[in-house]
Amino acid sequence: MMGTAVVRFGELFLKSEAVKRFYMRTLEQNLDYALSAAGCEHTIEVHRDRILLHGPDPERIAQAAARTFGAIDVAVCTHTGTSIPEMGEAALERARRHLHAGMTFAVRARREGVEGYTSQQIGAEVGSVIYEAIPGLSVDLTHPDYEVFVEARPFGALIYDERIPAPGGLPFGTQDRVLSLLSAGIDSPVATWMMMRRGCRITHLTMDGGRWQGKDVRDAVIRHHATLSSWCPGHPLDLIVADMEPFFDAMTAAAVPRYRCLLCKRFMFRMAEAVARQEGALAIVTGDNLGQVASQTLQNMAVIESAATMPVLRPLLTSEKNEAIEIARRIGTFDENAGDLSCAAVPRRPATQADLDAVLESEGRIDMDGIIDGALGSLRRIRAKNGRIVDPDN
């Protein structure tokens, strides 16, 4: 027996017709990828303001579709004709599963492109059907115990009572590619996810610190990478690994200790820009958050960013830490027991208001160009798709 889930989308309506058509085609394709990756038998029916997903397991379809960027929510629904008796019968069938004497309810009705009655009439008449069939109910349009949604549209009526929140944003792949610096921490995976939510294609870059980094860093980065690939099913997601151990060796031997974090970030930006140009990416993405650590004061950010000439995007810049943690939990990248993610090069007293000239003086003692050229010559690529690593080092 076939069922239906309805996908609602919001921001796409604000675009011009040509752009909206492109976004809708991309959203349809991404929904197809998501449902195929989840093993859901399905067909897709696209309308101007709703997408219907049909298949034998609408609950699984709805859960898979609710992880698709561009959708604001998904609901398993009953798809009927647009006569009020048909809509009333379908709404009553759903209401019986939830309502009993002493509870309050509301009918949220909407009509578009259908003549013969108003939205208010749908709400009143469908509400009467439920009220008369289930004894002891009260209507409460402000804070009801139960809501049922009834939409009358040219392609039929949709009746549903539970919306599964989706990430919203723009369909993945509708914007250009960015290079996202991925670490083992909390913030950088969230920054990647937020750029994916705005439609950007992603290439990840991680800096492998070798013996300078904690023993669990590599595994944590790869877990983040695989998890983030589950948010763009059907699309391969590449992680480029750059060897940073030679830089740490040179920096700790030659540079003023309190500038190490700044020199490290400047090296990362220079590497990221070189890799971004190879990958066709137009910007660098970081998980920086203003004032969170010593290197993220406004003055230090200016010192660091001067090492790059392409745009640097910081989607978490004004977020509080608990907001980033909340998103990380929701998207699956938060780890309660992440293990040893330390960095042995961090100084005891890092500079918080560094002077660019002083940092450049320390940087001048390091063969930055030679180390970057060496790192670029030994890049490794790890590919993930649909939530798992499919090519560990190609």
Separation between the GLN29 and MET1 pseudo-spin-labels, each 7 Å from Cα along Cα→Cβ, expressed in nm? 3.6 nm
Expressed as a percent, the accessible surface of region 239-394 that is carbon or sulfur, using a 1.4 Å probe and the full set of protein chains, is 49 percent
With a cut-off of 18 Å, note down the residues of region 58-93 whose backbone N falls inside the zone around a label point 7 Å from the Cα of GLN121 toward its beta carbon. 81-89
5 Å is the cut-off here: which amide hydrogens, built 1.01 Å from N in the peptide plane, fall below it relative to ALA157, excluding neighbours closer than 5 in sequence? THR80, GLY81, THR82
Between VAL346 and GLU11, what is 0.36 nm times their sequence separation minus the Cα-Cα distance? Round to one decimal in nm. 116.3 nm
Residue-averaged [θ]222 nm for the chain, counting only DSSP H segments that reach four residues, each worth -39500 (n - 2.57): -11500 deg cm²/dmol
Convert each backbone phi in region 284-291 into a coupling constant with the Karplus relation 6.51 cos²θ - 1.76 cosθ + 1.60 (shift: θ = phi - 60°), then list the ³J(HN,Hα) values in order as whole Hz, x for Gly and Pro. 9, 10, 10, x, 4, 9, 4, x
Under 5 Å between amide hydrogens, which residues at least 5 positions from CYS200 or on another chain qualify, with H placed 1.01 Å from N in the peptide plane? GLY173, GLN175
If the elastic network links every pair of Cα atoms under 10 Å, which of ARG21, ARG111, ARG349 fluctuates the most in the Gaussian network model of the chain? ARG349
Which whole-number percent gives the relative contact order of region 253-394, counting Cα pairs below 8 Å spaced six or more residues apart? 31 percent
Determine the principal axes of the Cα atoms in the chain, then give the extent along each, sorted from largest to smallest and rounded to whole angstroms. 83, 39, 38
Keeping all protein chains in place, calculate the accessible area per residue for the chain (probe 1.4 angstrom), answer in Å². 45 Å²
If you roll a 1.4 angstrom probe over the protein chains with everything in place, what fraction of the accessible area of region 1-113 belongs to carbon and sulfur, to the nearest %? 51 percent
Determine the relative contact order of the chain: mean sequence separation of Cα pairs under 8 Å and six or more apart, normalised by residue count, in whole percent. 17 percent
What spacing in nm lies between the two simple spin-label points modelled at GLU132 and LEU356, each 7 Å away from Cα in the Cβ direction? 7.7 nm
Quickly rank 53-60, 140-147 as a protection proxy: mean count of other C-beta atoms within 10 Å, highest first. 53-60, 140-147
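The values are calculated or read from the model by the stated rules, or taken from the named source; none is laboratory data. Nothing here was measured: the structure is a model prediction, and the numbers come from that model. Quick reminder, even Gly has a Cβ in these numbers, built from the backbone with ideal geometry, and neighbours come from all protein chains shown. For accessibility, only protein heavy atoms count, side chains too; no ligands or nucleic acids. Shrake-Rupley method; radii C 1.70, N 1.55, O 1.52, S 1.80 Å.
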